[in-house]
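Right, one structure below, let's go through it.
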Amino acid sequence: MVYILNALTIKCLNKGKSIMVRDNNTYFPSSKWLENAHVNSIDKYNEIYEESIKDPDQFWTSVADRIDWYKRWDKVSDVDYNKAKISWYLNGKLNVSYNCIDRHVESGNGDKTAIIWEGNDPSEDKKYTYSELLIRVKKFANVLKSLGVKKGDRVCLYMQMIPELSIAMLACCRIGAVHSVVFGAFSADSLRDRINDSSCKILITQDTGVRGVKNNIPMKENADKALINTPSIDSVVVVKRTGVNIEMVDGRDVWWHEETINASEDCEPVEMDSEDPLFILYTSGSTGKPKGVLHTSGGYLVYASYTHEIIFDYKKNDVYWCTADIGWITGHSYIVYGPMSNGATTIMFEGVPNYPDFGRFWDVVDKHNVNQFYTAPTALRALMKEGNTWVESRNLSSLRILGTVGEPIKEPEWKWYNKIIGKENCPIVDTWWQTETGGILISPLPAATPTKPGSATLPFFGINPVLLSDEGEEIEGNNRQGLLALNTSWPGQMRTIYGDHKRFFDTYFSQFSGYYFTGDGAKRDKDGYYWITGRVDDVLNISGHRIGTAEVEGAIGKANGVAEAAVVGFPHDIKGQGIYAFVTLMTGIDSSEIILKSIISSVAKEIGPHAKPDKVQFAPALPKTRSGKIMRRILRKIAEKDVNSMGDISTLADPSVVESLIKGSIQV
Ligand code: WT7
């Protein structure tokens, strides 16, 4: 399959010395990137892409050589989507922490900065060289061992963006323990459920956290609440971040600094099988119960490492910054494992874009001379809204490549990013992927792919996207729209849902036999470019974070007086999507400020503050079919204020409900 028009290629090359050229809303990579980039022309992209599809085994063999293996694999892959069976680099042996640290030290790069930690407060930063990191990781790995952690045991990490989070992850994989990082904004209840689902043995947390103006996020206190009902947890390791007084439980809780101080600096990495689990990361689905996405060692590392190098055109002396939180997959793959397996200098940022002011990102770029900058469209929208003076007072000349992830980027913020941040000099890579995919699947290559604002463009090497009709027929040709699926595997693909392989099969492989179904819709334009249109299931994308409607509904349902709730998304200026909740109350209960507050606080308690509804509409009844199923399509239209194209409502048990919902929506 050849995706790119030759005409585009020619135009691109002919533009000669001009830096970035606009042509019918297509942006060509600037000439200065064409020369030294890993993939420096669209022809080269096409050539490698075709090879990768023609002979995937050969392709993925050559890619895997970037990793140091104790023993090479016997077979490149063994995949059967009909059984949800996926293995890569079978019987290969490696250690992920060795690949992310030791080998860089052994090759003479021990003095290179591995992590630049930029604290919430601009005056606070720290640097760790690869040699220093190695010592810390070995010491902490020994602490884990002394607490009884063995290969295969699960370790939960509930932390903010502090260096100990990366150190703990790497220490886990050094000894073969499986980490499960729980995003630091999740509530005690969410933490408890995640610990129990994968029966974690140890929890690592911190006293309190700082983020923007919040200087006392009660991490340990939340952890203590969760730990009331987590029988599998033996010990808790607490990092002193703020020094605030916290309760320590005798016999259970230990301090990170006390345990590590005398820990041995010797700790050989454990030889792991390619398919040994590396980590679990929970993500929301269309049911109320989050899924423990499981990634394994060999394939994941190969894929994270390779995509990081090629898509960000990473070069040896670059300073690379991904602003995501390590609590999400973006941070796992593109702050920790991808960059560090490549021996990169990776920035870890504890703060937020608007603290102490709206120029913070740009200060950090200038302070550390960042070359690649990777963020979410929601952050760009929030910053764009504040005007350009925050940017103009900063230099930004170190920037070479800009990236986005997490949600569709719209034209205004793409153009702002290009012009105001990149000075029309930095290609933008709009990277589409998922927790499940482990790494980026659809994205421009910065020096090769002409870009169009809002399109993730073309598949990465070895990736076979297809569009399916609702009936599962493949939609061929360009200028078409459908459900986005993949018809072959890639090394970074998730292997199972922890403890529930049947759910893995049912969620991703049962709807369309022989395909991995992504849950996204997409269109393919006349040039074969992909444009992601968003989720087609009951999953919302709030500021680039996935939240299941069923989870929010469950949390609202627990508030006093609530009979039933239905949650849908609506377009939101900054967040991309906002949460709109329709709530019916029990008979005899009237809507009030108090009820509203209890709904909001129930969501914060059950899930976390990031899942609080933006709008709550109290309704006498919800639109249901005669069999009692809520018709979300109607609620979506009301939330989107698009009530004139409601479609057929005759199958509703009581069509008059719709009118009262529309009336009620006016007050919201
Ligand atoms: C969902 C995955 C992948 C890391 C962050 C989110 C949406 C992701 C894009 C993009 C349009 C995107 C999709 C996807 N998404 N990247 N570049 N353009 N949509 O990971 O929480 O697993 O969410 O995010 O809907 O399915 P996640």
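Each value in this text was obtained by applying a stated rule to the coordinates, not by laboratory testing. Quick caveat, the model's predicted, so the values are computed rather than measured. We place every Cβ from the backbone using ideal geometry, glycine too, and count neighbours over all the protein chains shown.
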(request) Between the alpha-carbon centers of region 614-641 and region 258-317, tell me the distance in whole angstrom. (result) 41 Å
(request) Take the alpha-carbon centre of region 31-83, take the same for region 210-245, and report the distance between them in whole Å. (result) 42 Å
(request) Compute the signed sum of charges (Lys and Arg +1, Asp and Glu -1) over the other residues within less than 14 Å, Cβ to Cβ, of Glu392. (result) -1
(request) Would you mind working out the magnitude of the charge dipole of region 541-659 relative to its Cα centre, with +1 at each Lys and Arg C-beta and -1 at each Asp and Glu C-beta, to the nearest 20 Debye? (result) 280 debye
(request) Work out from phi, with θ = phi - 60° and the Karplus expression 6.51 cos²θ - 1.76 cosθ + 1.60, the ³J(HN,Hα) of each residue of region 171-185, listed in order in whole Hz, and give x for Gly and Pro. (result) 5, 4, 6, 5, 9, x, 7, 9, 8, 10, 8, 10, 3, x, 8
(request) Give the long-range amide H neighbours of Thr296: residues separated by 5 or more places, or on another chain, with amide H under 5 Å away, using H modelled in the peptide plane at 1.01 Å from N. (result) Leu278, Arg495
(message) Ignoring everything except DSSP H segments at least 4 long, calculate the 222 nm mean residue ellipticity for the chain; use -39,500 (n - 2.57) per segment, divide by total residues, nearest 500.
(response) -8000 deg cm²/dmol
(request) List the residues whose amide H sits under 5 Å from the amide H of Gly608, counting only those 5 or more places along or on another chain, with H placed 1.01 Å from N in the peptide plane. (result) Ser187
(message) Test of understanding: what is the full-extension gain from Asp506 to Asn215, defined as 0.36 nm times their sequence separation minus their Cα-Cα distance?
(response) 100.5 nm
(message) Cβ neighbours within 10 Å, averaged per peptide: list 155-164, 233-242, 33-42, 49-58 in order, most packed at the top.
(response) 155-164, 233-242, 33-42, 49-58
(request) Please give, to one decimal in nm, the separation of the simple spin-label points placed at Val668 and Glu268, each 7 Å out from Cα toward the Cβ. (result) 6.2 nm
(message) Under a Cβ-only charge scheme (Lys and Arg +1, Asp and Glu -1), can you give me the dipole magnitude of the chain about the Cα centre, in debye to the nearest 20?
(response) 720 debye
(request) Might you report the magnitude of the Cβ-based charge dipole of region 448-593 about its Cα centre, with Lys and Arg at +1 and Asp and Glu at -1, to the nearest 20 debye? (result) 520 debye
(message) How charged is the neighbourhood of Asn91? Take every other residue with its Cβ under 9 Å from the Cβ of Asn91, and add Lys/Arg as +1 and Asp/Glu as -1.
(response) +1
(message) Can you give the local net charge around Ile600? Use residues other than it whose beta-carbon is closer than 13 angstrom to its beta-carbon, Lys and Arg +1, Asp and Glu -1.
(response) +2
(message) If packing is taken as the average count of other Cβ atoms within 10 Å, what order do 383-396, 509-522, 570-583 fall into, highest mean first?
(response) 570-583, 509-522, 383-396
(message) At 7 Å along Cα-to-Cβ for each site, give me the label-to-label distance between Lys423 and Ile589 in nm.
(response) 5.8 nm
(message) What are the ³J(HN,Hα) couplings of region 551-560, residue after residue, when phi is run through the Karplus curve with 6.51, -1.76, 1.60 and θ = phi - 60°? Round to Hz, x for glycine and proline.
(response) 5, 5, 4, x, 5, 5, x, 8, 6, 4
(message) Apply the Karplus curve 6.51 cos²θ - 1.76 cosθ + 1.60, θ = phi - 60°, to the phi angles in region 94-111 and return the couplings in whole Hz, x for Gly and Pro.
(response) 7, 10, 5, 5, 4, 5, 8, 9, 3, 5, 6, 5, 4, 8, x, 9, x, 8
(request) Report the label-to-label distance for His257 and Ser656 in nanometres (one decimal), using points 7 Å from each Cα along the Cα→Cβ vector. (result) 6.9 nm
(request) Return the long-range amide H neighbours of Thr533 (sequence gap of 5 or more, or a different chain), with a cut-off of under 5 Å between placed amide H atoms. (result) Gly521, Ala522, Lys523
(message) Among Ile547, Ala566, Val616, which residue has its Cα furthest toward the positive end of the charge dipole of region 517-668, with +1 on Lys/Arg Cβ and -1 on Asp/Glu Cβ?
(response) Ile547
